[in-house]
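Q: Please read through the structure below; I'll follow up with questions.
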Amino acid sequence: MQQNNIPTKMSPKDFFLQVGTMATLYFGVFNFLSLVFRIIDFRFPDRLQRYVDPYSGDIRFAIASLLVIVPVHLFLMWLLNRDYAAMPEKRNFPVRKWLVYLTLFAAGTAIVIDLILLINTFLGGEISTRFGLKVAAVLLVAGAVFWYYIADLRRASAMSASMMRIFMGLILALVIGTIILGFFVMGSPATQRQFRFDAQRVEHLNQIQWQVISYWQQKQKLPASLNELNDPISSFMIPTDPANDEAYEYRPLSPLKFELCATFSLPTPANPRKGMPEMPTSMTYDVVGPEATNWKHEAGRQCYERAIDPDRYPPTEKRSLR
């Protein structure tokens with residue numbers, strides 16, 4: 001027997017469909033906003049942000065999550081709507097109402113906080129395009145979730161059901177468009193792989209350079225070949241190209257000058273801030289401190305001439321063994 005159009009018993013299937021739908025919604029919204037924020041960061045970089053993930057890890061994870069979560073969420077929604085069409089009273093499950101009202105509360109809270117931050121920042125005269133777009137993104141997403149579930153609670157006619165499908169189609173198109181834009185910012189998987197190879201080459205050249213300087217400080221002469229830098233005691237072995245294991249080129253030019261060469265897959269972007277994420281300090285393309293470690297390059301073979309300054313890197317004093 002039923003009372004108030006509420007089924008007397010909720011099956012495990014009904015429970016997990018309700019919980020799974022909401023869980024995928026929350027996870028999808030979080031990763032959608034994360035993707036939008038990273039795209040905004042790329043388009044409007046902050047000069048105070050000194051480090052940006054060189055491999056676009058946040059964008060990759062957000063895209064991967066959305067590519068899985070969105071279809072799962074839509075499938076669960078389809079299963080729920082099919083059950084609602086067969087048994088409309090399932091809409092009155094207490095668990096469903098709790099989850100819906102909890103979602104409305106969370107979305108409404110996000111809207112209120114978002115507007116407070118916007119007005120507070122505006123009154124302080126500190127609003128920027130970057131901040132404004134992020135606030136607008138949160139307002140749009142939270143507002144869409146709030147409107148959908150308010151409309152879903154009141155839905156009763158075929159016309160409103162049709163409008164829901166149109167609304168869901170627009171949301172899906174927005175998500176797909178944002179994912180495509182994320183790929184544009186991040187680059188294709190093949191480009192990311194080449195970028196990683198180039199970053200490792202820069203790191204290897206940096207390591208070799210400092211080993212050469214250390215060798216000169218110890219012996220007051222440059223090594224004749226890179227093999228002389230191998231040190232089994234310190235466990236240092238000369239690295240090779242990560243893509244093909246070929247040796248890096250080294251050539252002494254004078255008692256204090258040497259040359260290092262490597263073959264790169266991609267050129268250094270003209271504006272690393274907009275063309276590609278900033279590198280960590282150890283892999284930076286730009287001058288870092290007094291060492292003037294400049295590794296800018298074009299695609300293909302690139303050579304770097306280095307000169308050791310004895311005043312900056314004086315020879316190491318040798319201590320006699322007694």
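The values are calculated or read from the model by the stated rules, or taken from the named source; none is laboratory data. Owing to the predicted nature of the structure, the values given are computational and were not obtained by experimental measurement. Reconstructed Cβ throughout: ideal geometry from the backbone, glycine too, with neighbour counts over all protein chains shown. Just the protein is used for accessible areas: all its heavy atoms, side chains included, with ligands, DNA and RNA removed. Shrake-Rupley method; radii C 1.70, N 1.55, O 1.52, S 1.80 Å.
Q: Are any residues in region 83-101 open to solvent by less than 20 Å² (accessible area, probe 1.4 Å) and not in a helix (DSSP H, G or I), and if so, which ones?
A: F93
Q: Would a scan of region 270-287 turn up a residue that is more than 23 Å from D41 (Cα to Cα), surrounded by fewer than 14 Cβ atoms within 10 Å (Cβ to Cβ) and either at pLDDT 85 or above or of a type outside the set (S, T, Y) (or both)?
A: Of all residues in region 270-287, those more than 23 Å from D41 (Cα to Cα) come to 287.
Within this subset, residues satisfying the condition of being surrounded by fewer than 14 Cβ atoms within 10 Å (Cβ to Cβ) are 287.
With either at pLDDT 85 or above or of a type outside the set (S, T, Y) (or both) added as a condition, the list becomes 287.
The answer is yes, given that some residue of region 270-287 is more than 23 Å from D41 (Cα to Cα), surrounded by fewer than 14 Cβ atoms within 10 Å (Cβ to Cβ) and either at pLDDT 85 or above or of a type outside the set (S, T, Y) (or both).
Q: Does at least one position in region 176-196 carry a residue that is closer than 28 Å to L66 by Cβ, touching a Phe, Trp or Tyr at 6+ places or on another chain (Cβ under 9 Å) and basic (K, R)?
A: There is at least one residue in region 176-196 that is closer than 28 Å to L66 by Cβ, touching a Phe, Trp or Tyr at 6+ places or on another chain (Cβ under 9 Å) and basic (K, R).
Q: Might you let me know whether region 237-254 holds any residue that is at pLDDT below 90 and open to solvent by less than 30 Å² (accessible area, probe 1.4 Å)?
A: The answer is no, given that none of the residues of region 237-254 is at pLDDT below 90 and open to solvent by less than 30 Å² (accessible area, probe 1.4 Å).
Q: Name every residue in region 175-196 that is at pLDDT below 90 and either outside any helix (DSSP H, G or I) or open to solvent by 40 Å² or more (accessible area, probe 1.4 Å) (or both), in order of residue number.
A: I180, L181, F183, F184, G187, S188, P189, A190, T191, R193, Q194, R196
Q: Within region 220-256, which residues are assigned to a helix (DSSP H, G or I) and in contact with a helix residue (DSSP H, G or I) (Cβ under 9 Å, 6 or more places away or on another chain)?
A: L226, E228, L229
Q: Something else: Considering only region 123-130, I want to know if a residue exists there that is at pLDDT 85 or above and open to solvent by 50 Å² or more (accessible area, probe 1.4 Å).
A: Among the residues of region 123-130, not one is at pLDDT 85 or above and open to solvent by 50 Å² or more (accessible area, probe 1.4 Å), which makes the answer no.
Q: Among (1) within 27 Å of M10 (Cβ to Cβ); (2) open to solvent by 40 Å² or more (accessible area, probe 1.4 Å); (3) more than 33 Å from the chain's Cα centre (by Cα), which single condition is M163 missing?
A: Going through (1) within 27 Å of M10 (Cβ to Cβ); (2) open to solvent by 40 Å² or more (accessible area, probe 1.4 Å); (3) more than 33 Å from the chain's Cα centre (by Cα) one by one, M163 breaks only (1).
Q: Ok, one more. Could you list all residues from region 295-308 that are closer than 20 Å to S214 by Cα and at pLDDT below 90?
A: Quick first cut of region 295-308, residues closer than 20 Å to S214 by Cα only: 295, 304-308.
Within region 295-308, just W295 meets the criteria.
Q: List, please: which pairs have Cβ atoms under 8 Å, are six or more places apart or on different chains, and start with a residue in region 237-248 that is without any contact (Cβ under 8 Å) to a residue 40 or more places away in the chain and end with one that is among the β-branched types (V, I, T) and in a loop (DSSP other than H, G, I, E, B)?
A: Filtered contacts from region 237-248: A247/I238.
Q: From L80, L104, grab the single residue that is closer than 13 Å to Y26 by Cα and open to solvent by less than 50 Å² (accessible area, probe 1.4 Å).
A: Being closer than 13 Å to Y26 by Cα and open to solvent by less than 50 Å² (accessible area, probe 1.4 Å) holds for just one of L80, L104, which is L104.
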